[in-house]
Structure formats: structure tokens, C-alpha cells
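Since every read-out is calculated from the coordinates, none of them should be taken as a lab result. What you are looking at is a predicted structure, and each value in this text was computed from that prediction instead of being measured. Counting neighbours? That spans all protein chains shown, and the Cβs are built from the backbone with ideal geometry, glycine included.
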Amino acid sequence: MTREQMTAGFVFGGERIPFANRAVGIWRPRQLSDVDGAALSITTSAPRVGVTPRYTDEIRSDGWFSYKYQGADRDNHFNRSLRRAFTERRPLIYFYGLAAGVYEALFPVYVLEDHPETLSVLVAPDVAAQGDLTLLHGGSEVPLKAYVTRAVKQRLHQHKFRELVLGAYRHRCTVCSIGAKDRLVSLLDAAHILADHDERGLPEIPNGLSLCKIHHSAYDLNILGIAPDLRVHIREDILAEVDGPMLQHGIKEMQGRVIRVPGREVHQPRKDFLAERFQQFEAA
């Protein structure tokens, strides 16, 4: 979701209720203040380059999400509403920042533990409840929450990688330049240069390429390779293949093209990674 969608919210009982508030991380709309005072949502913004974040929300090594209180006063109304969600076992929406102004909406999530001594809580995503009674009374048991949390963590890493890579490449395929417009951006993927199972294959921009789906598949299948000099190569047997216009114009005519890379050098693909990956292409 975008920040604008979060602020626009939804209509209930003839009133518009924001999903979140730009000014605060813990949000309780006034419509909930006369019910039980529990928060509706929590938000973690994506860190900005060169800016020290005010809060250090994180995915802990033991798998749970750690979420910081609002400010240093444990008893302000934001933090009371978060603790109320814990004591009443109420579900929350967690807006997790992927990139500037773009958030993954996780629902439902529950506060598992409250730690006023460190001004933080532990949060876990859960499966969507089959009925209000399950949803409003704490959701699933802890083992299932742990399983769902692991799956959510993996999805967040994938989505964050895509947002960062596509943003660096101005939402265009580095090979054919398709993209840019909203309906065409959905044709783009963030491709790893070194596979994510490689310990060096981190979900970071220099290990990524913005590729449309056909060129992503061709890259993964070693039909298309990208050399360290940024030049595109098409496998010899594919160049000799005779087929329809998609193969001709979409694949074969990419031979010899120089890919477009981000303007910022720190975001450009690592030449040593490209070289290692290109060796796999040449060996195919």
C-alpha cells in the first residue's frame, strides 16, 4: 500500500477512518477510544539513506518482530493503546515499510509480549481467522504464529528487494526498457545476479537487475547473459532458432545491447557478480 492509501482509509458507519496516521507509528482512531482503547495499526517506515531512524524496529534473530513504543513515556496514550491490544488480545494491522512511501500491509498481527522495561513489544503475524471469535481472541496458537511469521519474513524480503531494485532502475527493464507506467510495472521482476541461496546473494540493489518477466526467465535459464561490460549476449543455439516474432524481436534482437543501469554508482550491478554469473551462461 502507499502512504496515501493508508491515510485515505475506509468508510465505516458513515465516517472515514484512516488506516494509519502519517505523524505517528501507533494509531488509534477516535472511533475506537470509546470501545476498549486498543490501537488499530502500527507502522514501521523504511530507513532512508543517510538518515538515522528514530526507532529501531526490527525482525529479531529468534523470528519475532520487535516494535518500539512511541517516544520515551511508557504511559502516553499511544503506548497505552498498544498495550491494550496486548491485554485484550486484539488484532492489529502492521504496515511494514518496503521503500519510501510504500508499505506491506500485514494482517492480522498480535502483540505476543509487552516489555515496558525496554519500551518495546514482540509482534507476530497470524493466518486470517475463520470467524470473529478466533480473530478477536488472540488468533492461532504460538506455533502456528511462528510458522506464519517465518513465511511473512521471506515475503517481506522479496517484496522489499523488488521495490528497491525497481526504484533504482526507474521501473524499467534493464534490457528492453519496458515499464515506467503503472500497468506495465507489474511486468517487472527484481532478478538476483547471484542466487539468494548463495551466502553472498543478498537482497541488495548491487546484486539485483530489473528485468521484465520474459528476460528474467531467459536470464535464469541461461538463454540470455549479461557480461561484466554490461553487454547482452544470447546463447548461440537460440540465435540460430527460427520461431515467431517474440523470439525474434523479444530475445534475438537483444544481442549486443548495453543494459541501462542506475545513475548512482553505489546502485549499479557489481561487476564481479556479473562476471561470475556470466561464466554460468557461457558454460550452458
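Quick check on the stretch 3-164: take the gyration tensor over C-alpha atoms, sort the square-rooted eigenvalues as a ≥ b ≥ c, and tell me if it's rounded (a/c under 1.5), prolate or oblate.
Values: a/c = 1.23, a/b = 1.11, b/c = 1.11.
The shape class here is rounded.
Using a ≥ b ≥ c from the Cα gyration tensor of the stretch 171-283 (square roots of the eigenvalues), is it rounded, prolate or oblate, where a/c under 1.5 gives rounded and otherwise the larger of a/b and b/c decides, a/b for prolate? It would help to have the intermediate numbers written out before the result.
On the way: a/c = 1.75, a/b = 1.20, b/c = 1.46.
In terms of gyration-tensor shape, oblate.
To the nearest 20 Debye, how big is the dipole of the stretch 137-177 about its Cα centre, given +1 on the beta carbon of each Lys and Arg and -1 on that of each Asp and Glu? Before the final figure, lay out the partial values.
Details: 8 positive and 2 negative charges, 32 e Å.
It works out to roughly 160 debye.
Calculate, in whole percent, how much of the Cα-Cα pair population of the chain lies beyond 36 Å. Present the calculation step by step, with values, prior to reporting the outcome.
Details: 12426 of 40186 pairs.
Tail of the P(r) past 36 Å holds 31 percent of the pairs.
Would you work out the relative contact order for the chain, in percent, from Cα pairs under 8 angstrom that are 6 or more residues apart? Could the numbers behind the result be given before it?
Values: 486 pairs, mean separation 32.5, N = 284.
With pairs under 8 Å counted, the relative contact order is 11 percent.
State which entries of Lys160/Lys181; Lys153/Lys271; Lys181/Lys252; Lys160/Lys213 exceed 22 angstrom in Cα-Cα distance in the structure shown.
Cα-Cα > 22 Å for Lys153/Lys271; Lys181/Lys252; rest within.
Which residue fluctuates most in the GNM of the chain (Cα springs below 10 Å): Arg170, Arg28, Arg183?
Arg183
Tell me the net charge near His192. Cut-off is 13 Å between Cβ atoms, His192 excluded, with +1 for each Lys or Arg and -1 for each Asp or Glu.
Values: positive: Arg162, Arg200, Arg270, Arg277; negative: Asp189, Asp196, Asp198, Glu199, Glu204, Asp220, Glu276.
Charge balance in the 13 Å sphere: -3.
Does the stretch 74-211 classify as rounded, prolate or oblate by the C-alpha gyration tensor (a ≥ b ≥ c root eigenvalues; a/c under 1.5 gives rounded; else a/b over b/c gives prolate, otherwise oblate)? Walk me through the numbers on the way to the answer.
Working: a/c = 2.28, a/b = 2.26, b/c = 1.01.
It is prolate, given that a/c is not under 1.5 and a/b is the larger ratio.
If you put +1 on each Lys and Arg Cβ and -1 on each Asp and Glu Cβ, how big is the dipole of the stretch 3-164 around its Cα centre, in Debye rounded to 20? Can you show the working numbers first?
Details: 21 positive and 18 negative charges, 92 e Å.
Here the size comes out at about 440 debye.
For every helix of n ≥ 4 consecutive DSSP H residues, a contribution of -39,500 (n - 2.57) applies; sum these over the chain, divide by its total residues, and give [θ] at 222 nm rounded to the nearest 500 deg cm²/dmol. Present the calculation step by step, with values, prior to reporting the outcome.
On the way: 8 runs with 77 residues, N = 284.
Helix-only estimate at 222 nm: -8000 deg cm²/dmol.
Among all helices in the chain defined by DSSP H, which have a length of 30 Å or more along the axis from Cα atoms plus a Kyte-Doolittle mean of at least -0.5?
Details: long enough: 142-168 (38 Å, -0.22).
Those that clear 30 Å and a mean of -0.5 are 142-168.
Of the residues Phe273, Phe12, Phe65, which exhibits the maximal mean-square fluctuation in a Gaussian network model of the chain defined by a 10 Å Cα contact cut-off?
Highest fluctuation among the options: Phe12.
Lys and Arg at +1, Asp and Glu at -1: add these up for the other residues within a Cβ distance under 12 Å of Lys271 and post the number. Walk me through the numbers on the way to the answer.
Details: positive: Arg270, Arg277; negative: Asp229, Glu265, Asp272, Glu276.
For residues surrounding Lys271, the net value is -2.
Under a 5 Å amide H to amide H cut-off, with H placed in plane at 1.01 Å, what residues pair with Leu106 once short-range neighbours are removed?
Tyr94, Phe95, Tyr96
Counting Lys +1, Arg +1, Asp -1, Glu -1, what net charge surrounds Pro228 among other residues with beta carbon under 10 Å of its beta carbon?
Values: positive: Arg231, Arg270, Lys271, Arg277; negative: Asp229, Asp272, Glu276.
Neighbourhood net charge equals +1.
Note down the magnitude of the dipole of the stretch 171-283 about its Cα centre, charges +1 on Lys and Arg C-beta and -1 on Asp and Glu C-beta and zero elsewhere, to the nearest 20 debye.
Working: 14 positive and 17 negative charges, 112 e Å.
Charge dipole of the stretch 171-283: 540 debye, to the nearest 20.
Just Glu265, Glu199, Glu88 to compare: in a GNM of the chain, with alpha carbon springs under 10 Å, which one fluctuates most?
Evaluated over the chain, the most mobile residue of the options is Glu199.
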